[in-house]
Amino acid sequence: MDQLTAPDPLREPEPAAAAPETLRLQATSGFSRVLSPRELWRYRDLAFQIAARDITVRYRQTALGAAWAILQPVGFMVVFTLFFGRVAGISSDGLPYAVFSLAGLVAWTYFANGLLLGSESLVSNSALVSKIYFPRIFMPAGVLAAGFVDLGISLVILFVIVFAAGLVPSAAVLMLPLLIAIMVAAALGVTAGLSALNVRYRDVRYVIPFAIQMWLFATPIAYPSSLIGEPWRTLSAINPMVGVVEGFRWATLGTADAPLELIGISAVSALVLLVAGLAYFDRVERTFADYI
Amino acid sequence: MSDFAIQTSGLGKSYDLGLSRRGYGTLRESVVETAKGSLGRLAGRGRKQARGDTLWALKDLSITVQPGEVVGLIGHNGAGKSTLLKILSRIVEPSDGWADVTGRTGALLEVGTGFHPELTGRENVFLNGAILGMRRAEIRARFDEIVAFADIERFLDTPVKRYSSGMSVRLAFAVAAHLEPEILLVDEVLAVGDAAFQRKSLGKMNEVAKAGRTVIFVSHNLAILQALCDRGILLERGQVVADAPVTEAIDSYLRTLEQAADQDLLERTDRDSRGYDESLIRRVEIHDLEGGHADAVVAGRTATVVIETTAALPMTECRLTILNSLGHPVATLDSEVSAPVDSRDPELGPRIECELEGLPLLPGRYRIDVVLKGKRQIQDGLQAAAFFDVEPGVVRDRPTPISGSDGDIVLAHRWRLPA
């Protein structure tokens with residue numbers, strides 16, 4: 001009894017303890033939930049725990065562990081180099097084909113894994129969603145946050161290979177955080193929308209792997225975007241990964257001309273995706289527990 | 001600001017039956033439905049008609065709970081108890097009305113929700129604590145207490161998937177029991193672990209209830225509710241039918257159970273038939289073998305429980321649970337645990353019989369819960385399918401007390417006393 005009532009010195013003073021606030025629960029409509037920073041802040045510890053869980057669990061009981069973060073893009077690089085670089089002889093804007101494709105693949109692997117795991121994140125945590133309240137956006141967002149570990153590891157490998165190939169990144173490397181931000185915005189928008197859609201329609205599960213394949217070929221990873229004639233090249237940047245991938249090359253390989261136009265269009269497009277995805281998520285979040 | 005811990009007004013939650021029945025909507029269905037809906041509107045029919053029936057899991061519920069009150073929610077399966085807890089814990093939104101909740105709320109809706117099998121015990125304590133709404137600092141401060149309560153010190157760094165089910169349940173309960181919200185919502189979580197741990201959990205819950213926090217309990221175990229709660233709210237079909245001191249509410253509940261047993265069992269809607277309803281429980285009766293009217297049997301004589309069903313399915317199995325007047329299980333009889341004395345009779349038809357030789361029950365009122373299986377699936381389940389009175393009699397040469405004794409059953413025993 002004493003333990004229950006004694007004030008705990010380590011416990012932060014709860015604002016609620018001083019003046020318990022009244023929360024009105026009723027049918028809501030419109031937008032309100034995801035985009036409520038106060039609510040997100042209140043549950044920040046849970047956000048942290050979910051991201052930590054996703055990182056810890058990712059490579060538990062795998063023989064190769066975090067090496068998978070490297071093997072995926074490097075594996076693709078080898079295959080692409082053999083088939084597209086050697087056999088098909090696709091241009092790589094004068095760069096060694098291996099580093100050319102790897103720079104794109106590092107970004108792509110983060111994006112594709114985020115889509116794959118993120119769109120399943122609500123459904124695979126259905127026990128939590130139907131039993132506990134928390135801002136549901138933490139589920140897809142946690143997957144994307146956990147992906148940073150992989151992205152970090154593969155970036156290190158990329159730079160090792162870049163230097164080994166005798167290339168030196170220019171000052172453009174400072175643009176990398178911005179490019180990553182564009183990629184995360186696009187990924188969060190798309191996964192938020194798809195994970196929410198997945199709650200109602202499990203069709204999403206079957207669409208995703210196929211869509212990722214298509215998206216891979218619609219993005220200049222195996223080929224340079226310079227292969228596409230104008231105005232299609234500029235238009236193609238509506239796919240936010242076009243600007244990100246070309247930007248990654250520019251930032252990490254020290255290429256001369258900056259694809260600023262592509263990056264700009266892709267940034268706008270990513271922002272639109274982010275807003276649209278979060279808006280849809282926000283609209284349907286209140287019904288997740290009813291349908292999951 | 002409000003003086004109440006919880007106040008609800010006209011609270012309701014409806015489910016679209018069409019959707020909840022199928023469970024999974026597919027995109028195609030939705031497209032077809034939308035098309036149908038718009039065609040219907042074009043043809044001048046209202047939108048309402050295009051939609052299926054709605055089920056009100058909770059309807060027009062207005063209650064207030066004062067800070068520090070310990071309230072038990074009582075009712076049949078499907079009466080709306082869990083729906084109410086889910087609304088109060090913000091998992092689902094009400095369709096109608098509102099609820100005001102004052103203070104930090106913690107919900108214990110299922111022990112172990114959010115345990116991740118790949119994470120170690122230690123990692124899961126932090127994850128689960130955060131899921132239940134604890135701050136990291138709080139968990140750290142209570143960590144040792146939690147681990148000691150669960151009694152798993154040695155396995156803290158072992159992944160939870162290697163735990164025995166008892167261990168993980170103990171750990172989950174320990175985390176949950178150390179929550180410190182102002183309002184605690186508890187759904188049927190006390191019945192975990194072995195007897196010793198259950199006693200410990202009950203003690204912990206008792207402490208929580210007495211520590212001045214607002215608690216709402218849901219349990220089918222009326223004895224636990226009676227011990228822990230001051231006030232009982234009886235729900236039936238989503239509405240409050242009694243709101244009274246817990247003993248009175250339990251009495252009303254038991255009366256509704258008896259009324260339910262009187263009505264035609266096939267008409268009952270609170271059954272657990274899980275959709276495989278190829279065979280349903282039609283009638284449950286208990287007879288004294290030596291005559292006498294149904295549903296009154298004499299202690300020590302042979303009694304037969306007769307279950308009539310709507311169809312005789314292959315591999316029919318049946319489980320009976322006998323409960324005392326407080327809803328405490330006394331004994332479970334399961335035909336799947338077979339013995340040489342059991343038999344299968346093709347002549348029997350859609351009927352199951354269970355013979356209780358020398359009925360070893362003390363005088364009192366009992367009820368029977370029935371689960372019917374067939375084709376390896378649960379076909380039907382009914383709580384309180386029948387009630388019966390045990391009259392005083394002679395069990396193994398000893399007369400039973402007339403009434404008022406402790407316990408429910410008579411054990412075969414033999415004394416050896418000094419001369």
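Look at segment B:207-220 and say how many of its residues are surrounded by fewer than 18 Cβ atoms within 10 Å (Cβ to Cβ) and in contact (Cβ under 8 Å) with a residue 60 or more places away in the chain. Reasoning before the result, please.
Step one: of segment B:207-220, the residues surrounded by fewer than 18 Cβ atoms within 10 Å (Cβ to Cβ) are B:207, B:210-212.
This time we only want the ones that are in contact (Cβ under 8 Å) with a residue 60 or more places away in the chain, so: B:212.
Total meeting the criteria: 1.
All conditions but one from (1) buried (at least 20 other Cβ atoms within 10 Å of the Cβ); (2) more than 20 Å from residue B:366 (Cβ to Cβ) apply to residue B:313; the one that does not is (1).
Considering only segment A:235-242, I want to know if a residue exists there that is in contact (Cβ under 8 Å) with a residue 60 or more places away in the chain and within 14 Å of another protein chain (Cβ to nearest Cβ).
Kept after step one, since they are in contact (Cβ under 8 Å) with a residue 60 or more places away in the chain, are these residues of segment A:235-242: A:241.
In the following step, the residues that additionally are within 14 Å of another protein chain (Cβ to nearest Cβ) were identified as none.
Checked segment A:235-242: no residue is in contact (Cβ under 8 Å) with a residue 60 or more places away in the chain and within 14 Å of another protein chain (Cβ to nearest Cβ).
Quick one: would you say residue A:166 is under 23 Å from residue A:239 (Cβ atoms) and free of Cβ contacts under 8 Å to residues at least 60 places away in the same chain? For residue A:166, the condition - under 23 Å from residue A:239 (Cβ atoms) and free of Cβ contacts under 8 Å to residues at least 60 places away in the same chain - is not met. For segment A:14-60, taking the residues that are modelled with pLDDT under 75 and within 9 Å of another protein chain (Cβ to nearest Cβ), the one that is surrounded by the fewest Cβ atoms within 10 Å (Cβ to Cβ) is identified as A:19. Of the residues B:272, B:243, B:251, the single one that is free of Cβ contacts under 8 Å to residues at least 60 places away in the same chain and farther than 17 Å from residue B:361 by Cβ is B:251. Would you mind stating whether residue B:249 is in contact with a strand residue (DSSP E or B) (Cβ under 7 Å, 6 or more places away or on another chain), at pLDDT below 85 and of a type in the set (Gly, Ala, Ser)? Judged against the criteria, residue B:249 is not a match. Take the conditions (1) within 23 Å of residue A:158 (Cα to Cα); (2) surrounded by 21 or more Cβ atoms within 10 Å (Cβ to Cβ); (3) in contact with a Leu (Cβ under 8 Å, 6 or more places away or on another chain); residue A:250 misses just one of them, which is (3).
The numbered conditions (1) free of Cβ contacts under 8 Å to residues at least 24 places away in the same chain; (2) more than 22 Å from residue A:282 (Cα to Cα) are all true for residue A:41 except (2).
Quick one: would you say residue B:197 is closer than 20 Å to residue B:228 by Cβ, assigned by TED's automatic domain parsing to the domain that holds residue B:227 and more than 20 Å from the chain's Cα centre (by Cα)?
no
So which residues in segment A:77-127 are within 14 Å of chain B (Cβ to nearest Cβ), among the aliphatic types (A, V, I, L, M) and either touching a Lys or Arg at 6+ places or on another chain (Cβ under 6 Å) or buried (at least 21 other Cβ atoms within 10 Å of the Cβ) (or both), if there are any at all? If the condition is that a residue be within 14 Å of chain B (Cβ to nearest Cβ), among the aliphatic types (A, V, I, L, M) and either touching a Lys or Arg at 6+ places or on another chain (Cβ under 6 Å) or buried (at least 21 other Cβ atoms within 10 Å of the Cβ) (or both), then A:122 is the only one that fits. On the stretch given as segment A:261-292, residues that are closer than 13 Å to residue A:200 by Cα, surrounded by fewer than 20 Cβ atoms within 10 Å (Cβ to Cβ) and at pLDDT 90 or above total 1. Only a single item in (1) loosely packed, with under 13 Cβ neighbours inside 10 Å; (2) in contact with a His (Cβ under 9 Å, 6 or more places away or on another chain) is not met by residue B:306, and it is number (1).
In a helix (DSSP H, G or I), under 18 Å from the mean Cα position of the chain (by Cα) and within 30 Å of residue A:192 (Cβ to Cβ) - does that describe any residue in segment A:72-89? Step through it out loud before you land on a result.
Narrowing segment A:72-89 to residues in a helix (DSSP H, G or I): A:72-87.
Imposing the further condition that a residue be under 18 Å from the mean Cα position of the chain (by Cα) reduces the set to A:72-73.
Checking the rest, the ones that are also within 30 Å of residue A:192 (Cβ to Cβ) come to A:72-73.
Yes, there is a match, as at least one residue in segment A:72-89 is in a helix (DSSP H, G or I), under 18 Å from the mean Cα position of the chain (by Cα) and within 30 Å of residue A:192 (Cβ to Cβ).
Listed here are the helices (runs of 4 or more DSSP H) enclosed by segment B:65-176 that have at least 3 residues being away from chain A (no Cβ under 13 Å), and there are none.
Confirm whether residue A:171 is at pLDDT 90 or above and small (Gly, Ala, Ser). Break it down stepwise before answering.
Numbers: at pLDDT 90 or above: no; small (Gly, Ala, Ser): yes.
No, not satisfied.
Exactly one residue out of B:132, B:184 is touching a residue at least 60 places away in the same chain (Cβ under 8 Å) and either outside the structural domain of residue B:202 (by TED's automatic domain parsing) or surrounded by 19 or more Cβ atoms within 10 Å (Cβ to Cβ) (or both): that is B:184.
Residues considered: B:193, B:203, B:232, B:238. Of these, the only one that is at pLDDT 80 or above and either in contact with a Cys (Cβ under 7 Å, 6 or more places away or on another chain) or under 30 Å from residue B:167 (Cα atoms) (or both) is B:203.
When segment A:165-175 is filtered for residues that are surrounded by 10 or more Cβ atoms within 10 Å (Cβ to Cβ) and assigned to a helix (DSSP H, G or I), the ones remaining, listed by number, are A:172, A:173, A:174, A:175.
The values are calculated or read from the model by the stated rules, or taken from the named source; none is laboratory data. Keep in mind it's a predicted model, so treat the numbers as computed, not measured. So basically every Cβ, Gly included, is an ideal-geometry build from the backbone, and we count neighbours across all protein chains shown.
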